[in-house]
Structures are given as structure tokens and as C-alpha cells.
Amino acid sequence: MAEAVESPGDPGTASPRPLMRDLKAVGKKFMHVLYPRKSNTLLRDWDLWGPLILCVTLALMLQRGSADSEKDGGPQFAEVFVIVWFGAVTITLNSKLLGGNISFFQSLCVLGYCILPLTVAMLICRLVLLAEPGPVNFMVRLFVVIVMFAWSIVASTAFLADSQPPNRKALAVYPVFLFYFVISWMILTFTPQ
């Protein structure tokens, strides 16, 4: 008896290959952010998986207290999520209105992936906050957040700067600076309850 062999394209076949392909692509884009250099790879092969993962991770780490506590004063998951995505959409629209030659989703992809250093900063700050609070603790967190903030700015401008007209680059970079500054401020001012 001959066994039926299903081809990889059959709908009944659950293959892990597309998932691994996507995870490898996300990993490569993370490496582009960790080692920023002028490259069109992040722009050419855009996706929103990495930004979604980073945004959810950051929002979960910034969430304070229990889910039913409304008096803790910290940002809740939805607030962080909305700030990140609304900020990215606003910067993307600004880029398009300034005459940038980058697509809407390419810009969202770059801005989202460049949150990686700030997500790492949040992880480090959460670990530092396990120690006794004090001025040294704050200075360590301040240093980490400033370095990762600068890293996010450098990484995003390495990808986005060439997409803007030369006389409007400063107008395109300023909102990016503000966007990452707001996220950095949320990370720096985070204190667990």
C-alpha cells in the first residue's frame, strides 16, 4: 500500500517553517537595530510583528500593581499601547507630509523596531529597582535610560534620515526625538508599587 504524501502547500499540513521564517526575519531586524548602520533591509522587508512584540512587552513591564487597582497612578497596558502606536502613526504622517519617500508601514516598522533599546532599558531598570531605592539606584537607571534613548534615536535616524528631503531632516527627526523621549520618561519614572 502506498502512503499518501501531503505536499507542504496542502491546507491540512501545519508546518513550522513560516513561523521560523518570520522569527528569523524579526531577529535579523533586531540585529539591525542593535548595530545600526545605513541599510535598506529594515525598510525593504517591513513587518509589524517585532514592533507588536516590543510594544506588548514594554506595556506589560510598565504596568503597575494589580489589574484591578485603579489608584496606583501608573500607566496601564492600554495607555502605553496607545501612546506607542499613536506616536508612531503621528511621526509617520509627519514624515509623509514633509515629503518623505517612505511608505506608511515602513515608517511604523522602523519606529517600532527602534523601541528595542528602550525595552532593554526597561528590563534593566526593573532589575535595578529590585535593589534598595536611593540616589545611586536612580543614577544607574538615569544612565541606562539616557544611553538607550540615544541608541533608539541613532538607530531610527540611520534608517529614516535618507527618506527625507535634505532641507527637512531636522523637522522629521524632532518628532522622533519627542516620541522616544516620552517613552524614556515613562521608563525612568516607573516605580513598582
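Of all the residues in segment 74-95, those that are open to solvent by less than 40 Å² (accessible area, probe 1.4 Å) and among the hydrophobic types (A, V, I, L, M, F, W, C) number 4. Any residue that is touching an Asp or Glu at 6+ places or on another chain (Cβ under 7 Å) and not in a helix (DSSP H, G or I) - is there at least one of those in segment 96-117? For segment 96-117, residues touching an Asp or Glu at 6+ places or on another chain (Cβ under 7 Å) and not in a helix (DSSP H, G or I): absent. Can Leu111 be described as open to solvent by 60 Å² or more (accessible area, probe 1.4 Å) and closer than 25 Å to Met31 by Cα? Spelling it out, it is not the case that Leu111 is open to solvent by 60 Å² or more (accessible area, probe 1.4 Å) and closer than 25 Å to Met31 by Cα.
I'd like the full set of residues that are surrounded by 15 or more Cβ atoms within 10 Å (Cβ to Cβ) and either outside any helix (DSSP H, G or I) or acidic (Asp, Glu) (or both), limited to segment 137-193. Across segment 137-193, the qualifying residues are Asp162, Gln164, Phe190.
On the given criteria, is Leu123 open to solvent by 70 Å² or more (accessible area, probe 1.4 Å), touching a residue at least 60 places away in the same chain (Cβ under 8 Å) and under 16 Å from Ile187 (Cβ atoms)? The answer is yes for Leu123. The residue pairs whose first member lies in segment 19-30 and is under 11 Å from Tyr113 (Cβ atoms), whose second member is open to solvent by 40 Å² or more (accessible area, probe 1.4 Å), and whose beta carbons are closer than 6 Å, counting only pairs six or more residues apart or on different chains, are Val26/Trp49.
Among the conditions (1) open to solvent by 20 Å² or more (accessible area, probe 1.4 Å); (2) under 23 Å from Gln63 (Cβ atoms), Leu98 misses just one, which is (2).
Scanning segment 151-166 for any residue that is of a type in the set (Val, Ile, Thr) and over 12 Å from the mean Cα position of the chain (by Cα) turns up at least one such residue.
The values are calculated or read from the model by the stated rules, or taken from the named source; none is laboratory data. It should be emphasised that the depicted structure is a prediction, and the values quoted were computed from it without experimental measurement. Note that we place each Cβ from the backbone using ideal geometry, even for glycine, and neighbour counts take in every protein chain shown. Surface accessibility is based on the protein's heavy atoms, side chains included, excluding ligands, DNA and RNA. Shrake-Rupley method; radii C 1.70, N 1.55, O 1.52, S 1.80 Å.
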